[in-house]
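Engineer: Have a look at the structure that comes next, please.
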Amino acid sequence: MRGGAGLSQGMAAALLAGAFGWPVAPLAAAGTPEVIALPPVLVTARRKEESAVAVPISMVALDGESLAEAGFSSATDLPERVAGLTVSVPNPRLTSFTIRGLGSNAFNDGVESSVGLFMDGVYLGRQGFSIFDLVDLERIEVLRGPQGTLFGKNTTAGAIHILTRLPSHTFGAQLDSSLGTYGSRQVRGSVTGPLLDDQLAGRLTGYLTQRDGLLENRFDGTDLNNRDKSGLRGQLLWTPHDALSGRFIGEYGRVDEDCCAYPLRDPIRPAVNARDDYMEYRRASGNPADREADSDAPTTLTVQQQAASAEFGWTLSPRHRLVSLSAWRDWRFVPQNDDATSLKLVTGGTRNAHQQRSQELRLESRFDTLDTVLGLFYLHQDIQGMEIGLFGEDLAAWTFGGLLREQVPFATRSNSGAALDLLIPPETLDGMTVVTRYAQDSRSVAGFGTLDWSIAPDLDLSLGLRYTDERKQAEVDRRRSGGNPNASVLAATNALTPLGTLIGVDLSGVTFAGLLDAVAGGDFSRADQRTEGNYSGQAALRYQAQPDLALYVSAARGYKGGGINLGVTGERIEPTFSPETATAFEVGAKSRLFGQRMALAVAFYHTDVEDYQALTFDEDVTLLPNPRLTNLLNVGQVRLQGVELEASGALAQGLLARAGLAYNRAITRDFRNAPDEDTRENTKDLSGRQLFNAPRWSGNVGFEYVRTLGAGLEAQAALDYAFRGGSFATLEQGRASYVDGYTLTNLRLGVRDPDRTWELGLWVRNLFDADYVAVVQPVYGVGDYGALAGDPRTYGVTLRLHLY
């Protein structure tokens, strides 16, 4: 290091690699003054290794080492580095990603995400597969806009590709250990090296992440919503000779947490307030920032994931290479949920098991001015789900007493409960169970091809086309059992049903059994199947206007298959839904400025989405807390328009900076049948309104500074700032689902040796202790929302050890 304030060549490369996916590299030879430059980062956005600048796509490449240094280990951290990306995790099964305002939540397992998620080239059929720690990564590539060819499975909004580090034939090991506030503790490590000289290398990666809960349960003083994740990933890299290689990956992950409690958020609907008032019950605070819960039943979840993949590459000739990628993944989710009160109302949850198998074959060919890819893709998914609702002894009084309270404002459990119990005793519903089982078997087959043609030294044309054929079949079955319906004197009305049969009139709706069907849900069974096929693709023209300036224009069509509603449907909800298509146009530029010291990328886009797949609520009348009221529909037209800006550079010796900014105008052009939280009918007109989870503005800025201290030490400081504007968190835009805009600031200070064999760092996340809402989800149905505050200010220390 020169002059006491310089930046070493290796450190400059590592730091700017993390800044924005453009690593820095020294141009000067030893003994001459250092010059920091920004050479292209290599990405695989088009399933081949190339410079990010050469790819005519708006994208962000996040370096894995930089993410590790920043303490990012979860998908929920990514929006702090990627403008225009939103990640919501109410619980692992309900994980959702949104790019440019387009995405889907997963309350109904029949809908798949509009953002394609991939790991080491393998398509992940459910967003919940991403909830395990992101550790030992090479990089993450976020591709904006429809990726209709190579990433053609459900990528109408974009794709996120997570790439892990390869095994190495050179020994290396790394260990990170962190301790922080709220009992935060994390250990991550990896070891790699040769197993058979020049032929077989291995890599073993593991992690353990734990933290105490951030919600205080006033019922018993315990903490809820903690973190407890662990995982192990093993890899083999087989290179018997230059023409053949194989990569084998096996992984196991587990989550075992006291999660996820969602206190009801203000404003609470009058009907719910009336029920609480009748029971003389005071809820936990409706302000998420108070971090208070009131739960008398276990609130837990476990997630277990196992996966394996095998990728082979054969070099058939100097111009042709064949790639085979086979994968299997098994994901299981078991929750136990409470009803957000210490009353005995409803407990249960939706269990889910998802198994998938996939196979991809690609023939990659390289000619003098032409590169082509031809491929076949197969995916089989098996989804099994079971939703359980177990009713408690307070449910009858809370439900029917609330109706009484709405008519008689002074009615309470104390002054009228005895009379109500004579009519509908607590044992009527106590112990009653409603179980809804669903299963779906789906198969997707696709053929695709791309062509990248260098028309002239400064002009490139890219074309891609994909045809996808999908077949799905599913069953939904609901059964109610238990309780003691005959305990109510109203059960005598059930005799009207056979009487109605005799006189030819259906009187079941005025019987007590009919009332229970309306209140708790009756028996239901349905079987459906769906077959369809569709095209997707893209075309792009890239022009190298100057040595340091590339311009591009592109058009793309994305396709996400239709599906089957894996929920109980009423008369107004169709059992199946149509495919979602997106037609996008993009104009952009990528440039390097000031003698290669700065990189700049800008993109303007316009996307029209037809039959946007969204979730709504069944209009059938039900009185009980019913998060099952989540069904699927197609929103006629959605339009996305905006601009994205990415920049990175060396501002001064030792000082590096990055920035990202996104303006996104995502609106529903035609949406006249949205759910109305007041009328409980699908009559709300949201045409022309901003989409949910689509803040108009979002962005980030970061600075990193390295300085030599002497005595063989270097000091590092980093400041990261991210912001997002306000937006609704649910499709129907209920009043309590709005999330105000917020900013987050993180600070890191550290010391290390120049070779980085060890590093000791202090970190603070959410430096200014900003209060913000991280997650909103329906609790009892449309208009009733639970919410969680984002993490408060946390701080801690991290020790990193590297052996090379």
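Engineer: I'd like the projected area of region 36-191, averaged over all directions, using the convex hull of its alpha carbons. Report it in nm² with one decimal.
Structural biologist: 11.0
Engineer: Suppose we look only past 17 Å in the calculated P(r) of region 244-354. What percent of the Cα-Cα pairs does that tail hold? Intermediate results must be reported in sequence, preceding the final value.
Structural biologist: Values: 4223 of 6105 pairs.
The share of Cα pairs beyond 17 Å in region 244-354 comes to 69 percent.
Engineer: Kindly rank 779-787, 256-264 from highest to lowest mean number of other beta carbons found within 10 Å of each residue. If you can, show how the numbers build up before the last one.
Structural biologist: On the way: 779-787: 24.1, 256-264: 22.4.
Highest mean packing first, the order is 779-787, 256-264.
Engineer: Continuing with this model, one more query. List the residues whose amide H sits under 5 Å from the amide H of residue 775, counting only those 5 or more places along or on another chain, with H placed 1.01 Å from N in the peptide plane.
Structural biologist: For residue 775, the qualifying residues are 788.
Engineer: Would you give the gap between the C-alpha center of region 415-477 and the C-alpha center of region 268-286, rounded to a whole Å?
Structural biologist: 33
Engineer: Now a separate question. Highest first, please rank the peptides 108-116, 240-248, 211-219 by the mean number of other Cβ atoms sitting within 10 Å of their residues.
Structural biologist: Top of the packing list down: 108-116, 211-219, 240-248.
Engineer: What translational diffusion coefficient, to the nearest whole µm²/s, does region 707-804 have by Stokes-Einstein, given a Kirkwood radius computed over alpha-carbon pairs, a temperature of 20 °C and 1.002 mPa s viscosity?
Structural biologist: 131
Engineer: Report ³J(HN,Hα) in whole Hz for each residue of region 376-388, in order, from the Karplus equation J = 6.51 cos²θ - 1.76 cosθ + 1.60 where θ = phi - 60°; Gly and Pro get x.
Structural biologist: 10, 9, 9, 9, 10, 10, 10, 10, 10, x, 8, 9, 10
Engineer: Can you tell me the mean projection area, over all orientations, of the convex hull of region 112-202's alpha carbons? Units nm², please.
Structural biologist: Averaging across all directions leaves 8.1 nm² for the Cα convex hull.
Engineer: Looking at the calculated P(r) for region 494-612, what percent of the C-alpha pair distances fall above 26 Å?
Structural biologist: Within region 494-612, distances greater than 26 Å cover 58 percent of Cα pairs.
Engineer: Dividing the convex hull volume of the Cα atoms of region 384-500 by its residue count, what figure in Å³ per residue is obtained?
Structural biologist: Here the figure is 267 Å³ per residue.
Engineer: A follow-up question, please. I'd like the Karplus ³J(HN,Hα) series for region 395-406: coefficients 6.51, -1.76, 1.60, θ = phi - 60°, whole numbers in Hz, and an x wherever there's a Gly or Pro.
Structural biologist: Rounded to whole hertz, the list is 5, 4, 5, 5, 6, 7, x, x, 5, 5, 4, 5.
Engineer: Per residue, how large is the accessible surface of the chain? Use a 1.4 angstrom probe and give square angstrom.
Structural biologist: Counting only protein heavy atoms, the per-residue value for the chain is 39 Å².
Engineer: Over region 31-167, what is the mean sequence separation of C-alpha contacts under 8 Å (at least six apart), divided by residue count, expressed as relative contact order in percent?
Structural biologist: Once normalised by length, the contact order is 24 percent.
Engineer: To the nearest 20 debye, what is the magnitude of the charge dipole of region 433-479 about its Cα centre, counting +1 on the Cβ of each Lys and Arg and -1 on the Cβ of each Asp and Glu? Provide the component values of the computation, followed by the final result.
Structural biologist: Values: 7 positive and 8 negative charges, 119 e Å.
With only Lys, Arg, Asp and Glu charged at Cβ, the dipole is about 580 debye.
Engineer: Starting with the highest mean, order 76-87, 749-760, 332-343 by the number of other Cβ atoms within 10 Å, averaged over the residues of each peptide. Don't skip to the end; give the middle numbers.
Structural biologist: Working: 76-87: 23.5, 749-760: 14.8, 332-343: 21.8.
Output ranking for 76-87, 749-760, 332-343: 76-87, 332-343, 749-760.
Engineer: For region 618-753, compute Rh as the Kirkwood radius over C-alpha pairs and then the Stokes-Einstein diffusion coefficient at 37 °C and 0.692 mPa s; write the answer in µm²/s, rounded to an integer. Working shown, then result.
Structural biologist: Values: Rh = 18.6 Å.
Value of D from the Cα-based Kirkwood radius: 176 µm²/s.
Engineer: What is the percent carbon and sulfur in the accessible area of the chain, measuring with a 1.4 Å probe over the protein chains and ignoring ligands?
Structural biologist: On the way: 17880 of 31090 Å².
The computed percentage sits at 58.
Engineer: Same structure again: Mind listing the phi-derived Karplus ³J(HN,Hα) values for region 477-490, rounded to whole Hz, using 6.51, -1.76 and 1.60 with θ = phi - 60°, and x for any glycine or proline?
Structural biologist: Computed from phi, the couplings for region 477-490 are 9, 10, 9, 10, 8, x, x, 9, x, 6, 5, 8, 5, 5 Hz.
Engineer: Net charge within 9 Å of residue 364 by Cβ-Cβ distance, Lys/Arg positive one each and Asp/Glu negative one each, not counting residue 364 itself?
Structural biologist: Around residue 364, the surrounding residues sum to +4.
Engineer: Explain nothing, just the number: relative contact order of the chain, from Cα pairs under 8 Å at least 6 residues apart, as a whole percent. Write down the numbers at each step before the final one.
Structural biologist: Details: 2384 pairs, mean separation 96.4, N = 804.
Over the chain, the number comes to 12 percent.
Engineer: Please give, to one decimal in nm, the separation of the simple spin-label points placed at residue 382 and residue 453, each 7 Å out from Cα toward the Cβ.
Structural biologist: 4.5
The values are calculated or read from the model by the stated rules, or taken from the named source; none is laboratory data. Bear in mind that the values here come from a model prediction, so they are computed numbers and not experimental data. Cβ coordinates were reconstructed from backbone atoms using ideal geometry, including for glycine residues, and neighbour counts include every protein chain displayed. Keep in mind that these areas ignore ligands, DNA and RNA; they rest on the heavy atoms of the full protein, side chains included. Shrake-Rupley method; radii C 1.70, N 1.55, O 1.52, S 1.80 Å.
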